[in-house]
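Single-structure report; data block below.
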Amino acid sequence: MQNKITRIRKETMIEYFNSSNHLNWEVINDGVMGGISESKFEIKPDQTCVFSGMVSLKNNGGFASLRASLNGSVSGNFEKIVIRVKGDGKTYSFRIRTDENFDGVAYTCSFSTKKDEWIEYEFSPDDFVPTFRGRTLSNVPPLSNLNISHVGFLISEKQSGNFELIIEWIKVILL
């Protein structure tokens, strides 16, 4: 008789945009390096967040981002991170940071949206690429164990013009 090994999965909701209980989100655009892109976010009564604006390539710009520090951190071996978003047909990056450094290494995963369609994207540890200010890093270990301290979204890659990403929730599934 074989023993069955049962994996117990733990699902942790990181953000679901409850109007009275949500993370402290912050917009960071290319103005930090001279660009003129603009973005904003708004938490709606239907418990979604709208991240929208305009990306400009002028003045060596070209990105807009939204990020938040977690209240505490989520730790453990993770199976996947799942986000539910409605997009505009553009490509975005979902980003996590695993330390308290707000400007350090970001583990990044790109996803392409379909205009006006709700989609759940699932990212495994192997999907994330370590980056720093737009450059892929080779001297950083891959993401395996998780200690999420920050989460965020980014639009870049020379996608100029208006954008809108509606975010319903972000959750992590731990092994």
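The values are calculated or read from the model by the stated rules, or taken from the named source; none is laboratory data. None of these values were measured; they are calculated from a predicted model. Counting neighbours? That spans all protein chains shown, and the Cβs are built from the backbone with ideal geometry, glycine included.
Residue by residue, here is whether (1) part of a strand (DSSP E or B); (2) surrounded by 15 or more Cβ atoms within 10 Å (Cβ to Cβ); (3) basic (Lys, Arg) holds:
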{"position": "Gln47", "(1), (2), (3)": "no, no, no"}
{"position": "Ser52", "(1), (2), (3)": "yes, yes, no"}
{"position": "Leu70", "(1), (2), (3)": "yes, yes, no"}
{"position": "Lys80", "(1), (2), (3)": "yes, yes, yes"}
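State which residue is modelled with the highest pLDDT when the search covers only the range 84-113 and only residues that are farther than 14 Å from Phe51 by Cα and hydrophobic (A, V, I, L, M, F, W, C).
Phe111
Go over the candidates Ser39, Ser56 one by one and state the one that is among the hydroxyl-bearing types (Ser, Thr, Tyr), touching a residue at least 24 places away in the same chain (Cβ under 8 Å), surrounded by 15 or more Cβ atoms within 10 Å (Cβ to Cβ) and within 27 Å of Glu120 (Cβ to Cβ).
Matching residue, one of Ser39, Ser56: Ser39.
Among the residues in the range 115-138, are any polar (S, T, N, Q) and over 27 Å from Ser37 (Cβ atoms)?
Yes, there is a match, as at least one residue in the range 115-138 is polar (S, T, N, Q) and over 27 Å from Ser37 (Cβ atoms).
Look through the range 34-52, keep the residues that are over 12 Å from Gly62 (Cα atoms) and of a type in the set (A, V, I, L, M), and return whichever of them is farthest from the chain's Cα centre (by Cα).
Ile43
Say whether the condition of being more than 15 Å from Arg67 (Cα to Cα) and touching a residue at least 60 places away in the same chain (Cβ under 8 Å) is met by at least one residue in the range 90-103.
Yes, the range 90-103 contains a residue that is more than 15 Å from Arg67 (Cα to Cα) and touching a residue at least 60 places away in the same chain (Cβ under 8 Å).
Out of Val129, Val85, Val105, I need the residue that is closer than 15 Å to Glu168 by Cβ and of a type outside the set (D, E, K, R). Which one?
Answer to the selection: Val85.
When only residues in the range 16-35 that are exposed (fewer than 12 other Cβ atoms within 10 Å of the Cβ) and among the hydroxyl-bearing types (Ser, Thr, Tyr) count, which is modelled with the lowest pLDDT?
The selected residue is Ser19.
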